[in-house]
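The values are calculated or read from the model by the stated rules, or taken from the named source; none is laboratory data. Owing to the predicted nature of the structure, the values given are computational and were not obtained by experimental measurement. Ideal geometry is used to build each Cβ from the backbone, glycine not excepted, and the neighbour counts take in all protein chains shown.
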Amino acid sequence: MRFLILGPLEIHDDNRKLALSAAKPSRVLSLLLLNHGQVVATRTLMEELWGDNPPVSSSTTLQTYIYQLRKLLSSSCSHGAHALQTHSAGYRLQLAAGFFDLDRFTDAMNRGQREQTRGEHDKARSSLTEALGLWRGQALAGLELGPQLQARATGLEELRARTLEMRIEASLAIGLHREAVGELRMLTAAEPYREGLASQLMIALYRSERRSEALEVYRRLHRLFIEELGIDPSPKIRKLHEAILKNDASIDFHPQGPSSAVHLQSRVRPAQLPADIPDFICRTRELAHITSALGPQRDDHTGRPPSQIVITGMTGVGKSALAVHAAHGLRAHYPDGQLYVRLRRAGHTISPSDALGGMLQAVGFPPTAIPANLEERSHLFRSWAADRKLLVLIDDAVSANQVEPLLPAGIRSAAIITSQSAIGGLPGAETVRLSPLGTGEATQLLALLAGKRKVAAEPEAAAAISQICGGLPLAIRICAARVTRRSWSLSQMLARLADHAERLNELCTDGLDMRRDLATGLASLTRREISAFQQLGTMRADTFTTTYAACELMAGVRDTERLLDRLHEASVVQLLGENTGGEPLWHFHPLMRSYAVELAYAAKDDVRSAV
């Protein structure tokens, strides 16, 4: 005899379905089933049936229901009548193992959870699918529920939802993100307040190269929470949203074990590029240069080292956006796959060994097959890539030593590298240095992001915002996001940027933070170099000569020249050319200068506090 509650209440005897004649006996049986093997108190059963006001005859009526249930159970087998036992405090239903669908569900769910913990994601997905397959609808569907059953049914639905999330987690862990999108769309529509499902949909979309759709999922959730609940979504999903905005490699697909799906998908052709930039404009000359160097025009038979393009420029200038957009345009030319690795996350530098470990897993090597040391990992990767036509995108590199072990050795492969610092020492590398956009291009970007009507209505304000942002795409993107979210006019945004002391405070929204990115850009500098940066930032002149800087620093010209060269290598100051006397002309970007002034004043405050 089988008892089913994961859907309408049913009792099956072999191939025969037994009928329950009335609702109240069904509720008694349901409560006994949910507590099988334990004594259910008489008062608990009465509360379920009649609440706080049982009739005078409630005790006799309950005994009648128990009699009816025993009769039903005994009609199917000789020992059925003994399964329902009477005790002094109540009644107990004793079931044989494997005959209650809730027990089978719980066993399969727990098994899947253990397999998931061990990293056996294929097995976990199978076990959790088995568990969910036992459900035929809502628990105890069609039955009028009292307080006891209602609480238990609600708990079961929550357990079902959690099991579903675990099964989707297992699917995502073995690379089935594209397959999960459709189901997650339906689930989030049915359960719009469930953040776990929304998070999984965002991850599935992001890994399917649908970044803008992933961001839209968060925007809808945020709007729903604010308008309906008056609260923000949880810190966990806000952190995920920020990671997607930054194309954080931590949410990319990383194979987590020797699963069949991983071997089928990743060993053959990795496709790890972040989603393309839908609103990418400008940079026509630089894009053409990269495409020419690495595209179909490239001669594969010259015997030269593998081609590398190093894109440099100050923070927020659009290095990663250009690299990703160019890489997407080159995908067809590298049919054996595209790898993506980010070498700096949240201010922490990723070691070449760790980066290679992730790359090797991405192309299908199980963790047990990956060597422990950097040299052997590099040899293994180069052996795998030797005869392939592969494109590697290395984002936010710090030095040549960090990059060199990650480069494929085959002459048919290529790499695009982004770095704020100039990287030398890479054989066959060409450098593309990005400057901030001109006022016209910056205003064009603002129009694309904030709306052409806004810019057309206030062209002077748009141009002024572009100039204050110094043509920096990140700063313009932040301004556009704030204007759009707050429904501000461009004049209102301009007014908020007018105060130099508050400018960087205004350039922050939705995980984008100009000050934080400027600070990250100084990470490679020494204390002396940062001190010089602060001092030079407080000068009245944005553009200056080496001699002028030497006077401000009270240092020798040669020493100052070396300092300025180092700041230029780190893209902290710009080299404009030479004056009429042949002396180098240096320039501070307005936002970089604002940050230098902040640091200088903060340092003075620290000194005063110490005194």
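Out of all the residues in region 554-592, which are small (Gly, Ala, Ser) and in a loop (DSSP other than H, G, I, E, B)? Matches in region 554-592: 555, 556, 570, 571, 581, 582. Looking at this structure, is residue 589 surrounded by fewer than 19 Cβ atoms within 10 Å (Cβ to Cβ), of a type outside the set (Gly, Ala, Ser) and closer than 29 Å to residue 247 by Cβ? No; evaluated as a whole, the condition is false for this residue. One residue is enough: does region 555-565 have a residue meeting the conditions over 34 Å from the mean Cα position of the chain (by Cα), buried (at least 16 other Cβ atoms within 10 Å of the Cβ) and more than 21 Å from residue 433 (Cβ to Cβ)? Yes, some residue in region 555-565 is over 34 Å from the mean Cα position of the chain (by Cα), buried (at least 16 other Cβ atoms within 10 Å of the Cβ) and more than 21 Å from residue 433 (Cβ to Cβ). Residues that are at pLDDT 90 or above number at least 1 in the following helices (runs of 4 or more DSSP H) confined to region 240-336: 284-294, 319-330.
Among the numbered conditions (1) farther than 18 Å from residue 147 by Cβ; (2) free of Cβ contacts under 8 Å to residues at least 24 places away in the same chain, the only one that residue 58 does not meet is (1).
When 70, 43, 16 are checked against the criterion of being surrounded by 14 or more Cβ atoms within 10 Å (Cβ to Cβ) and charged (D, E, K, R), a single residue qualifies: 70. Among the conditions (1) touching a helix residue (DSSP H, G or I) at 6+ places or on another chain (Cβ under 6 Å); (2) at pLDDT 90 or above, the only one that residue 74 does not satisfy is (2). Determine whether region 418-439 contains at least one residue that is more than 17 Å from residue 290 (Cβ to Cβ) and without any contact (Cβ under 8 Å) to a residue 24 or more places away in the chain. Checked against the condition, which is being more than 17 Å from residue 290 (Cβ to Cβ) and without any contact (Cβ under 8 Å) to a residue 24 or more places away in the chain, region 418-439 yields no hits at all. Scanning region 160-194 for residues that are crowded, with 17+ Cβ neighbours inside 10 Å, out of contact with any His (no Cβ under 7 Å at 6 or more places or on another chain) and more than 28 Å from residue 101 (Cα to Cα) yields a total of 4.
Please go through region 355-378 and pick out each residue that is assigned to a helix (DSSP H, G or I), surrounded by 14 or more Cβ atoms within 10 Å (Cβ to Cβ) and not polar (S, T, N, Q). 355, 356, 357, 358, 359, 360, 362, 374, 377, listed by residue number.
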